[in-house]
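Working notes, structure below.
The values are calculated or read from the model by the stated rules, or taken from the named source; none is laboratory data. Since we're looking at a predicted model, the values are computed, not measured. Ideal geometry is used to build each Cβ from the backbone, glycine not excepted, and the neighbour counts take in all protein chains shown.
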2 protein chains.
Amino acid sequence: MPTPHYGQPRYRVIADELRKRIESGAIPPGALLPAESVLTSEFGAARGTIRKAIAALREEGYAVTEHGRGTHATRLTQSSADEPAASQREMQADARLATLFQVEVGTTLIEREAVIRRGRQVARVIRTYHLRRTDPDPAER
Amino acid sequence: MPTPHYGQPRYRVIADELRKRIESGAIPPGALLPAESVLTSEFGAARGTIRKAIAALREEGYAVTEHGRGTHATRLTQSSADEPAASQREMQADARLATLFQVEVGTTLIEREAVIRRGRQVARVIRTYHLRRTDPDPAER
DNA sequence: AGAAATTTGTCCGTATGTATC
DNA sequence: AGATACATACGGACAAATTTC
């Protein structure tokens, strides 16, 4: 079948469903999500669509994926004592971020850190900040 | 040519090239990037690969895409009163960044801050860091 | 106003590469 | 070495938003 994405696109619906399972505890923090192949069967969607749904969850801070291992539901640590390579964590808005987001200082934000490597060297580090409950994300449409 | 992604994946190389054009001014802030169809021809890559490259640029804060319009290079010196003008500045590497870049704490890094707005609201704040001297981008490894 | 062209968005299917178990 | 799981890449088709004629 072609592409009848009335209203919400398929990957969005799937992402919402998986997010619901995580928030409800059906998939506990730290637990592994079903493999892409399993989700493909369950939702009757192409693998690419499943992957896009999971990518959306990652961007929203609900999951973390590791190459040959799988995707884990995120346990967002309130750590301010940051040392590890936590790719994702909660943090409190400082003055600058609070101003930008128009919230009060101390409001919880999600910080994600990505590293672009060139061979063994780190070429760039990217840090993204956003409020929790972000929806779709026009960036990708 | 199936999928030989030795070293850097194709979309990564393309993203780096496009980013270089933006940073160098070859594609001025606010300007439209070539359409996906054009980039597909230029790089001889599938459309999906081009789209992934552009998605990477979005995540790094270098571009913003709108549905039937196209992808614009993000404007750095935005108006508004809340901006300390320069969205790009030098800063000293903290412990975390120093570790990643394998340099000493206090080494000068370039920090770029992009503010992605959705309407009047700030949706995301993206900060990218990279070494000053060295990199810009060997483009290829 | 309307139709066509342009451009990005979604989805499917297939194949191969890479990391982990 | 084999199996499992995620990653990259190609190609095709149709949908939706915008611009152009």
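Residues of segment A:100-121 that are within 17 Å of B:Val122 (Cα to Cα) and surrounded by 14 or more Cβ atoms within 10 Å (Cβ to Cβ): A:Leu100, A:Phe101, A:Val103, A:Thr107, A:Leu109, A:Ile110, A:Glu111, A:Arg112. Applying the set (1) within 12 Å of DNA strand C (Cβ to nearest atom); (2) β-branched (Val, Ile, Thr); (3) touching a strand residue (DSSP E or B) at 6+ places or on another chain (Cβ under 8 Å) to A:Ile54 leaves exactly one unmet item: (1).
When the strands (runs of 3 or more DSSP E) confined to segment A:42-141 are screened for residues that are modelled with pLDDT under 95 and within 11 Å of chain B (Cβ to nearest Cβ), those reaching at least 1 such residues are found at A:108-118, A:121-131. Residues of segment B:28-62 that are more than 11 Å from DNA strand D (Cβ to nearest atom) and touching a residue at least 40 places away in the same chain (Cβ under 8 Å): B:Pro28, B:Pro29, B:Gly30, B:Ala31, B:Leu33, B:Leu57, B:Glu59, B:Glu60, B:Gly61, B:Tyr62.
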